[in-house]
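Below you'll find the structure, written out as structure tokens, and then a few comments.
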Amino acid sequence: MPRPKELPGIGPPVESVGFLLIPGFSLISYAAAVEPLRAANQLAGKTLYRWWNAAPADKPALASNGAAVLPDFKFGAEVGSLDLLLVCAGGNPATFNDRRTFAWLKKLASRGVTIGGISGGPVILAKAGLLSGRRCTVHWEHLPALHEAYPEVQLTRSLFEFDGDRVTCSGGVAGLDMMAALITRDHGHELAAAVSDWFLHTHVREGARPQRMDLRFRLGVSDSKLLKALKAMEAHIEAPLDRERLAHLAGVSLRQLERSFHSELGRGVHEHYLAVRLGRSRQLLRETSLSILEVALATGFASASQFSRAFKRSFGSTPREARLRDRRIIDQDR
């Protein structure tokens with residue numbers, strides 16, 4: 001059976017999989033990747049896949065919901081015939097700075113192990129220097145920060161990506177889709193379909209499918225012309241378009257565009273655009289070390305002071321105060 005298009009040059013079939021669980025990882029992302037391996041073994045009636053779990057410092061890995069997974073493989077040990085290592089991370093992976101983890105990942109990569117990341121895991125790979133020039137994806141929440149911090153990484157908004165010996169997945173239930181592609185390649189469509197059916201995952205998606213819900217459903221908007229303006233806003237954060245340009249792209253008059261925004265979203269064009277930009281700024285403040293001025297410029301503000309005033313009016317605190325508060329919360333959760 002021919003290999004799926006999403007799997008060019010990924011190497012020999014996968015038999016042994018390691019999971020490196022970073023504190024605060026998403027439990028659903030981890031389960032969506034490991035459970036298909038168990039199901040494949042059970043449905044095939046034999047051991048097709050083996051796997052183990054490791055965690056930094058060999059401590060129980062706490063997921064973002066507080067559940068703990070006990071590591072059954074010593075962190076940093078020799079891995080033997082490992083085919084694939086998947087790094088699972090969530091929360092705010094940009095704050096993870098364990099040098100031993102980065103060194104271990106680099107060592108495994110140099111020995112030919114395929115290295116992957118799930119949800120926020122690609123951020124860990126980028127920090128370890130393993131994604132430079134590679135095509136990869138990451139959960140949409142981390143995408144702006146990863147793009148700002150590592151412009152050399154070829155980011156996509158796909159569900160999952162395979163680029164040689166690098167594997168990345170956006171997380172959530174997309175792990176089911178990624179593992180279905182791997183199982184198809186290794187053991188055929190029939191087994192992969194049986195695994196997907198086992199988990200009531202009746203519509204397996206290709207890797208190139210988009211991560212996020214279409215704007216019409218996310219915002220509850222059905223007006224096609226209004227949707228054109230909304231998509232243009234999300235595509236132009238750093239250099240915002242003026243209202244006249246948005247109206248032109250939507251194919252309506254400025255007055256009509258304003259009426260549509262008020263009737264469909266309950267606020268005007270400027271107010272909505274500002275909310276979109278400020279939402280992006282919160283992500284960058286939380287997940288990058290960019291200065292306040294750099295965050296301001298990346299989200300279309302002319303100065304740090306202009307940005308700070310708008311941010312405080314919207315959120316009740318300055319950008320600096322919000323960043324410090326978020327960091328305190330992260331430290332308490334560890």
Inset, instruction - For the range 248-285, name all the residues that are among the acidic types (Asp, Glu) and closer than 30 Å to Arg323 by Cα. - result: Glu271
Inset, instruction - With the condition kept exactly as written, say whether any residue in the range 179-191 is closer than 21 Å to Val17 by Cβ, surrounded by 15 or more Cβ atoms within 10 Å (Cβ to Cβ) and within 17 Å of the chain's Cα centre (by Cα). - result: yes
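May I ask you to say which residue of Glu6, Glu15 is of a type in the set (Asp, Glu) and either crowded, with 22+ Cβ neighbours inside 10 Å or modelled with pLDDT of 75 or more (or both)? Walk me through how you get there before you give the answer.
Working: Glu6 fails: either crowded, with 22+ Cβ neighbours inside 10 Å or modelled with pLDDT of 75 or more (or both).
From the options Glu6, Glu15, the qualifying one is Glu15.
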Legend entry - Qualifying residue in the range 324-334 (condition: in contact (Cβ under 8 Å) with a residue 12 or more places away in the chain and touching a Lys or Arg at 6+ places or on another chain (Cβ under 7 Å)): yes
Inset, instruction - Any residue in the range 88-103 that's free of Cβ contacts under 8 Å to residues at least 60 places away in the same chain: show its pairings with residues that are in a helix (DSSP H, G or I) and of a type in the set (A, V, I, L, M, F, W, C) at Cβ separation under 9 Å, as long as the two are six or more apart or on different chains. - result: Asp98/Ala57; Arg100/Ala57; Phe102/Ile124
Inset, instruction - Please identify the pairs in which a residue from the range 15-39 that is under 17 Å from Asn92 (Cβ atoms) has its Cβ atom under 6 Å from the Cβ atom of a residue that is of a type in the set (Phe, Trp, Tyr), counting only partners at least 6 apart or on another chain. - result: Ile22/Phe96
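Among the candidates Pro56, Pro60, single out the residue that is in contact with a Ser or Thr (Cβ under 8 Å, 6 or more places away or on another chain), surrounded by fewer than 21 Cβ atoms within 10 Å (Cβ to Cβ), over 23 Å from Thr137 (Cα atoms) and assigned by TED's automatic domain parsing to the domain that holds Pro144. Break it down into steps so the answer makes sense when it comes.
Details: Pro60 fails: in contact with a Ser or Thr (Cβ under 8 Å, 6 or more places away or on another chain).
Step by step, each of Pro56, Pro60 is checked, and only Pro56 is in contact with a Ser or Thr (Cβ under 8 Å, 6 or more places away or on another chain), surrounded by fewer than 21 Cβ atoms within 10 Å (Cβ to Cβ), over 23 Å from Thr137 (Cα atoms) and assigned by TED's automatic domain parsing to the domain that holds Pro144.
Is the range 200-207 home to any residue that is of a type in the set (D, E, K, R), assigned by TED's automatic domain parsing to the domain that holds Lys107 and assigned to a loop (DSSP other than H, G, I, E, B)? Write out each step before concluding.
Within the range 200-207, the subset of a type in the set (D, E, K, R) is 205-206.
Cutting the leftovers down to assigned by TED's automatic domain parsing to the domain that holds Lys107 gives us none.
No, the range 200-207 contains no residue that is of a type in the set (D, E, K, R), assigned by TED's automatic domain parsing to the domain that holds Lys107 and assigned to a loop (DSSP other than H, G, I, E, B).
Quick grid of which residues meet (1) of a type outside the set (A, V, I, L, M, F, W, C); (2) under 23 Å from the mean Cα position of the chain (by Cα):
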{"site": "Lys231", "(1), (2)": "yes, yes"}
{"site": "Arg255", "(1), (2)": "yes, no"}
{"site": "Phe261", "(1), (2)": "no, no"}
{"site": "Ser281", "(1), (2)": "yes, yes"}
{"site": "Leu284", "(1), (2)": "no, yes"}
{"site": "Glu287", "(1), (2)": "yes, yes"}
{"site": "Gly316", "(1), (2)": "yes, no"}
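The values are calculated or read from the model by the stated rules, or taken from the named source; none is laboratory data. Quantities reported herein were computed from a predicted structural model and do not represent experimental measurements. Reconstructed Cβ throughout: ideal geometry from the backbone, glycine too, with neighbour counts over all protein chains shown.
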